[in-house]
Amino acid sequence: MWSFFIQVIIRKSYETSSSSGKFEISCSTLLPRCLFLVCKFCNPEAKMFYDILDAAEQPIYEGCKEGLSKLSLAARLMSLKTDFNLSQKCMDSIAQIMQDYLPKGNNSPKSYYEIKKLMRSFGLPYHKIDVCQDNCMIFWKDTEKEESCLFCSKDRFRPTQKIGQKKIAYRQMFYLPVADRLKRLYLSGNTAKHMRWHATHIASDGEMCHPSDGEAWKHFNKVFPDFASNPKNVYLGLCTDGFNPFGMSGHNYSLWPVILTPYNLPPEMCMKQEFMFLTILVPGPKHPKRSLDIFLQPLIEELKDLWFSGVEAYDISTNQNFLLRAVLMWTISDFPAYAMLSGWTTHGRLACPYCLDKTDAFQLKNGRKTSWFDCYRCFLPEDHGDRQNVVSFRKGRVVKDSAPPILTGEEFLNKVCGFPKTVASGGNHGKKVQGYGNTHNWHKQSIFWELPYWKVHLLRHNLDVMHIEKNFFDNVINTLLDVNGRTKDNQIKTRFARALQSERLAHKE
């Protein structure tokens, strides 16, 4: 009987058009209620989820079109509210109109409150956390009841007009716990069977089609064989970037989403939009700058819990409860956000996070900008002919130095262990560490070092190829075509380049 029911998959989808494109509601692997009457292994949380899903999929009224359920209607109404910024009173009116025009005894939501209650019952909560006006701290855990910032002393709440009126914070961040969504991946048969792909696929020799084929992934599994022994454990990547939600025509506003992606899935799935989990929404209008770690505190706390304790989850593909653990493998960002995540400032002479203080960068005499011209020959093999070339590169310069050494995580941690933490120093606003800009470019000790496995990773912070390719292409094309206002060439740079290069190369037609 069990083998019969496990094959039953009910998939209902309803697709409609919204202002932002196609909106799809899909309840995958929705199993009949009688299945769980014989299931002795499904944990209470998973059973409650399936029961709610089953109840919500009841038709709006008897004889209605297939796929028109209370859940699909609630989801479409919430989509309308978001697309057109409808008020609560407007939503109540729409719900009442639906009640009046549908047959008597229909199951449509009667109010906006009922719509929210239905959507919230699926167990994907979010938390609003008050934030200091200057990004010094968040009012969370031990500081949850504070009325003003502990660093700048600015008020947490706006002044109230009436006694007893609800207090409204100046700024708030949103945090969406990741554990609930990771567990949800195993409650759907369409995703649960793919969550072990990273451990079961066989890679071709010399080819890398997935991060699990890389040296960094394999190195981590060797250091932590207990974690790697369970293929259901989740490997995560973090990415972030700021944007202006009002577009080019709107006022200045910097909004920073922090997104987590599970890499257990095959390549064609892991980068799809539905598997990119919004975890943190850093509010504007101010740029977080060096204070990004302030907003990452809840996420780091949950990642530590997922590493040490884990959470109980249910895998529908194997009909088993298991302990779900997770690890953050790396971050992905553009170069400016790299500085915010890693703690190494990415501008100035010491901008390169790999060369560190071993760089050969210099400042242009007239343009006053940092140049890395001819800094790459040290990476060539020691017997390479270009190391002795005094014509094609900087005039009269022979390169004998070897490439800067690649430091381990332990060595990096030893370098930053004495530097201030953003959380403890109130955002590091304008504070510089001793030796900053001369011997190093560290401006903080990154919050990611609190993760117990962070020092073990071979790759911790990665650069987004999209930004690099686009910026590099734009700079080269605009310079070659001499686009007014966008070219990187000018008379000052040309004059200084001729002084650096040999006369034969500088005057070569």
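The values are calculated or read from the model by the stated rules, or taken from the named source; none is laboratory data. Keep in mind the model is a prediction, meaning the values are calculated, not measured. Here the Cβ is made from the backbone with ideal geometry for all residues, glycine too, and neighbour counts use every protein chain on show.
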In the set Asn441, Asn462, the lone residue that is touching a Pro at 6+ places or on another chain (Cβ under 9 Å) and at negative phi is Asn441
Cross-chain or 6+ apart pairs with Cβ under 7 Å, segment 89-117 first and among the basic types (Lys, Arg), then in a helix (DSSP H, G or I): Lys110/Ala95; Lys110/Gln99
Residues of segment 100-119 satisfying the condition of being surrounded by 14 or more Cβ atoms within 10 Å (Cβ to Cβ) and either assigned to a helix (DSSP H, G or I) or small (Gly, Ala, Ser) (or both): Ser108, Ser111, Tyr112, Glu114, Ile115, Lys116, Leu118, Met119
Pair list, Cβ < 7 Å and 6+ apart or interchain, from segment 307-327 residues that are aromatic (Phe, Trp, Tyr) to residues that are surrounded by fewer than 17 Cβ atoms within 10 Å (Cβ to Cβ) and in a strand (DSSP E or B): Tyr314/Asn321
Specify the residue that is modelled with the highest pLDDT; the eligible residues are those in segment 35-75 that are of a type in the set (Val, Ile, Thr) and either in a loop (DSSP other than H, G, I, E, B) or surrounded by 14 or more Cβ atoms within 10 Å (Cβ to Cβ) (or both). Ile60
Is it the case that Thr279 is in the same structural domain as Gly237 (by TED's automatic domain parsing), assigned to a strand (DSSP E or B), under 30 Å from His201 (Cβ atoms) and of a type outside the set (A, V, I, L, M, F, W, C)? yes
Does Pro231 count as without any contact (Cβ under 8 Å) to a residue 40 or more places away in the chain, closer than 18 Å to Leu306 by Cβ and either surrounded by 18 or more Cβ atoms within 10 Å (Cβ to Cβ) or not basic (Lys, Arg) (or both)? yes
Looking at segment 426-457, which of the residues that are surrounded by fewer than 16 Cβ atoms within 10 Å (Cβ to Cβ) and touching a residue at least 60 places away in the same chain (Cβ under 8 Å) is nearest to Lys415 (Cα to Cα)? Thr439
Yes/no for Asp360 being of a type outside the set (A, V, I, L, M, F, W, C), without any contact (Cβ under 8 Å) to a residue 60 or more places away in the chain and either within 23 Å of Leu463 (Cα to Cα) or loosely packed, with under 12 Cβ neighbours inside 10 Å (or both): yes
Reported set for segment 345-389 where residues are out of contact with any Leu (no Cβ under 8 Å at 6 or more places or on another chain) and in a helix (DSSP H, G or I) is Lys358, Arg377, Cys378, Phe379, Gly385, Gln388
Sort out for me the helices (runs of 4 or more DSSP H) sitting completely within segment 164-235 that have 3 or more residues that are in the same structural domain as Trp140 (by TED's automatic domain parsing) and closer than 25 Å to Leu278 by Cα. 179-185, 189-192
